[in-house]
Amino acid sequence: MRRGVFARVLCLVALMASASLAMAEAASWPAQGRIIYRVFHGDGGLQIGRATHSWWHDARRYRMESLVETTGLAAILKNFRYLQRSEGALTTQGLRPERFSVDQRGKPLQAAVFDWAKGEVRIDRGDSKRQAPLGAGDQDVLSIGHQLAQPAARQTPFELTVVNNKSAAVATVRDLGEAVVSLPLGELPTRHFSVRSEDGKVKIDLWLASASHNLPVRIRVENGKGDVLDQQAERVELGAPRSGSPS
């Protein structure tokens, strides 16, 4: 009888220690914030829009979204609005996405559901559905920027599956070292990561601000056709959005 009680106590202590570790790791990630980016087309190209990336977590759960919209002349030529959302759990290994979705003006909602119990991700594009294997540490295209900043992030290079609203591709993450980047926000010391899949479906570069909680202050995405969208931070707000700030 005593052995059973002792075993249950040990199990409870282990669970509490695991939860405490997860909370400690999440503490280095601001609980709430927003990054405003200028969006450029191509390397050194013209500004075509604006992106607003916001997130929230309580050390157990997280939610984040990124809204990209055309502005100025680009908005007159093409009124583009693209909203990505990711939500899931925070664990001792970092972010564990459960649902990723894309809401694009003029198109049906598209979503990917992460079924960790079955080890698969199901992608629903409205007109088609597909499945792909899922393994520990896999991310969606929105969560990966914050996952790389987690203390429990794996040492590079490593492979993981990156999920978007179209596919799930195995990609290699590499640490390209320290770099000072010039942004609308100013010059910042960063660490540069690349995320690449062999099939070319995933081409992402991330610059995490070394002195600002390793937040993703620059995000460069290249599609299979070679088109580049370069998001460069012009403002970082931690905590609740400021009064009068654009949503």
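The values are calculated or read from the model by the stated rules, or taken from the named source; none is laboratory data. Small disclaimer: the values here were computed from a predicted structure and weren't measured. Cβ: placed from backbone, ideal geometry, glycine included. Neighbour counts: every protein chain shown. Heads up: the accessible areas ignore ligands, DNA and RNA and are worked out on the full protein's heavy atoms, side chains in. Shrake-Rupley method; radii C 1.70, N 1.55, O 1.52, S 1.80 Å.
Observations, loosely collected:
- Ala211-Ala179 pseudo-label distance in nm [points 7 Å out on the Cα-to-Cβ vector]: 1.9 nm
- With every protein chain in place, the chain: carbon and sulfur % of accessible area (1.4 Å): 53 percent
- With respect to the chain, whose longest principal axis is taken over its alpha-carbon atoms, helix 2-27 is tilted by about 20°.
- For segment 74-113, a simple Cβ point-charge model (Lys and Arg +1, Asp and Glu -1, everything else neutral) yields a dipole of about 200 debye relative to the Cα centre.
- Computed per residue of the chain from DSSP H runs no shorter than four, each worth -39500 (n - 2.57), the mean residue ellipticity at 222 nm is -4500 deg cm²/dmol.
- Three principal axis extents describe the C-alpha atoms of segment 98-197; from largest down they are 44, 32, 21 Å.
- Radius of gyration and maximum dimension Dmax of the chain, Cα, Å: 19.2, 76
- Candidate residues Asp127, Asp43, Asp115: accessible-area rank, largest first, probe 1.4 Å: Asp127, Asp43, Asp115
- Here the extension length gained between Leu83 and Trp116 equals 9.4 nm, from 0.36 nm per residue of separation less the Cα-Cα distance.
- Lys/Arg +1, Asp/Glu -1 at C-beta; segment 108-247 dipole; positive extreme among Ser194, Ser128, Ala209: Ser128
- Here the spin labels are modelled as points 7 Å beyond Cα on the Cα-Cβ line, and at Arg105 and Glu187 they lie 3.8 nm apart.
- Plainly put, segment 152-247 has a radius of gyration that is 1.01 times its Kirkwood radius, both from alpha-carbon atoms, as the Rg/Rh ratio.
- Computed over the alpha-carbon atoms, segment 183-222 gives an Rg to Rh ratio of 1.06, Rh here being the Kirkwood radius from the mean inverse distance.
- Formal net charge of residues neighbouring Arg191 (Cβ-Cβ distance under 14 Å; K, R +1; D, E -1): -1
- Peptides 87-99, 175-187 ordered by packing proxy, namely the average of other Cβ atoms within 10 Å per residue, highest first: 87-99, 175-187.
- Where segment 81-198 is the region considered: accessible area per residue in Å², 1.4 Å probe: 49 Å²
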